[in-house]
Each structure stands twice: as C-alpha cells, then as structure tokens.
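See structure below.
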Amino acid sequence: MPPILAVLAINAAVAVVAFLALWVVSLRIKDVSFIDAWWGPSMALLAWSTLAQAHLSPGGVTPHGLLLTGLCTLWAARLGGYLFWRWRRHGADRRYVSMIAHAEKTRGWSFAKTALIFVFGLQMVLGFVVALPAQLGQQAGPLGPLAWGGAALAIVGIAFETIGDAQLTAFKADPANAGKVMDQGLWRYTRHPNYFGDACVWWGLYLIAAETGLGAWSLPGPVLITFLLTKWSGVPTTEGRMRKSKPGYAEYVARTSGFVPWFPKKAA
C-alpha cells in the first residue's frame, strides 16, 4: 500500500474531477437533483481508487481492501440506482430548487455558483470524510472476527434499507394510500429504516477498517454519516415535511421509534 497521505491526495483529485464534471452537466440541464444518485457511487469511486493504488504498489491488494470495496460498491450500486430512478421519475428535488432560489434572492448568487459551493462542493467534502473507512482500511492483514462482524452488519444494513425503500415505493404506488402514513413492514418498527440501514453499512465498514489498525482512525466517517442522517439532512428534513403534509403523522411519531428499530408503543 502506498503512503496513506499520497493515497488520499490522489483520491481527492479523483473526486474533484468527477464532481466538476457533474457540475458541468448540471449547468446544461439546470438541475442539480441527480447529485443524490451520485452520493453512493462517489464513495465507491474512492474505494476503487484506493484499491487501484494498492494493486500498483509492492504489497498489492489486501483482503480488507477487497471486502471494503466490494461491500461499498454493492451499497453504492443499490442506493445510486434507486435514487437515479427516483430522480428520473419525479424530476427536480424541491429542496435544491428552494436552496438555489434562496441563494439567488439573498446573496445574489448565480445558479452555477450556488450549485458548485452548496451542492457539489459540499457533497464532495462530506462524501470524502464518510468514505474514510474504505480509504484507510485497505491495509495488509488477514480477515478476523471484527472484519467478519463488520461485513455482517453492513450486509444487514444494505438489506434493511433495500427492503425499506421497496416497501415505501410499493405503498406510494397504491392510490388508496394517498395522504396516509406508511406504518407497515419495517416502517412499523422505525420511522426511518432506510437511514438506519445506511448507518449500519458505514459502521460495519468501519469495523472492517478498524481491524487493520490505521483504519481505526477513520472513525469520523461513520460518526459523520450518523450525524447527517439523524440531525441534519435526513430525519429532520423528512419529518419536518411529513408533519405538515400527513395527517396522523404525530400519532405515528408517538408510537414508533425514531431511528433504531423497536416494537411500537401501545396506545395510551
């Protein structure tokens, strides 16, 4: 494995090129919403970049590197494909439309400047930090109990968010459910099975990485994604919208766990 600072520098350059290319695309179509579909693949790209550098080094590819890259790619392909399909089906995300309009009104910023700084630049930095386990954990050494435990947790997370998204998509597709709150399947036990699954994936990848020693320093990655999901762009954004648009959502909140799955509370 090459010196880790050199690896991170090359990965950063790869990320910059990729995000700038997508920013140019957004200028042509006047929509940045597809960036959500790139969130997962952008981190898989960093994992593959790290793996490629290891392949070219004297030490070669490691078992931890293969496991981390494989699981990260599986997660990214599933999430990226789903979010790309959602973007193509529903069009521009109103969150981004509102953000760009607000920046233009309050700061006098152009679409290009707002998209570059608040959307593509910000997601690039956040994704780079979240993906630290896939970058720092590809060190030499046999796979041990911690790595296998982390792999199991990551697979559970991928399955959890996949099932949760599929259940929600099917629920919304039924006209009879218009205006209703989704409280079936996994959504009966947690209000956000997709976010919980995401967190499990990155805590699982962290456990794999931590087994290598250097990978233990990638702790900011899973901590950041957990914060983003529970305190910033995940739960708060979704629940704020749902409280306004879904009658009965307050009752759903009162009986259903907000993040970690648990049995519903009994009505008072």
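The values are calculated or read from the model by the stated rules, or taken from the named source; none is laboratory data. Here the structure is a predicted model, which is why all the values come from computation and not from measurement. So basically every Cβ, Gly included, is an ideal-geometry build from the backbone, and we count neighbours across all protein chains shown. Keep in mind that these areas ignore ligands, DNA and RNA; they rest on the heavy atoms of the full protein, side chains included. Shrake-Rupley method; radii C 1.70, N 1.55, O 1.52, S 1.80 Å.
Observations, loosely collected:
- Here region 127-205 and region 106-121 have alpha carbon centers that stand 31 Å from each other.
- Our estimate of slack between LEU143 and ARG86, defined as 0.36 nm per intervening residue step minus the Cα-Cα distance, is 16.8 nm.
- With the highest mean first, a sort of the peptides 243-252, 58-67 on other beta-carbon atoms found within 10 angstrom per residue produces 58-67, 243-252.
- 22 Å Cα-Cα threshold exceeded, pairs from LYS180/LYS266; LYS30/LYS231; LYS30/LYS180: LYS30/LYS231; LYS30/LYS180
- Against the main long axis of the alpha-carbon atoms of the chain, helix 145-173 sits at an angle near 30°.
- Neighbourhood net charge (15 Å Cβ-Cβ; Lys/Arg +1, Asp/Glu -1) for LEU168: +3
- Whole-percent carbon and sulfur share, accessible surface of region 166-268, 1.4 Å: 64 percent
- Within the shell defined by Cβ-Cβ distances under 13 Å, the residues around TYR96 carry a net charge of -1, with Lys and Arg each +1 and Asp and Glu each -1.
- Helix 63-90 axis versus longest C-alpha principal axis of the chain: approximately 30°, rounded to the nearest ten.
- Between helix 35-55 and the chain: long-axis angle, C-alpha atoms, 0 to 90°, nearest 10: 10 degrees
- Cβ-Cβ FRET estimate between ILE4 and THR238, R0 fixed at 51 Å, reported to 0.05: 0.90
- Leading residue at positive end of dipole, region 1-141 (Cβ point charges), from GLY127, GLY40, SER110: SER110
- Highest to lowest packing among 129-135, 218-224, 31-37, scored as the average C-beta count within 10 Å: 129-135, 31-37, 218-224
- Å² of accessible area per residue within the chain, as computed with a 1.4 Å probe and no ligands counted: 50 Å²
- Solvent-accessible ranking of TYR96, TYR189, largest area first, probe 1.4 Å: TYR189, TYR96
- Selected from GLY197, HIS55, TRP217, residue furthest toward positive end of dipole (the chain; charges at beta carbon): GLY197
- Local electrostatic count at ARG241 - Lys and Arg +1, Asp and Glu -1, tallied over other residues with Cβ under 11 Å: +4
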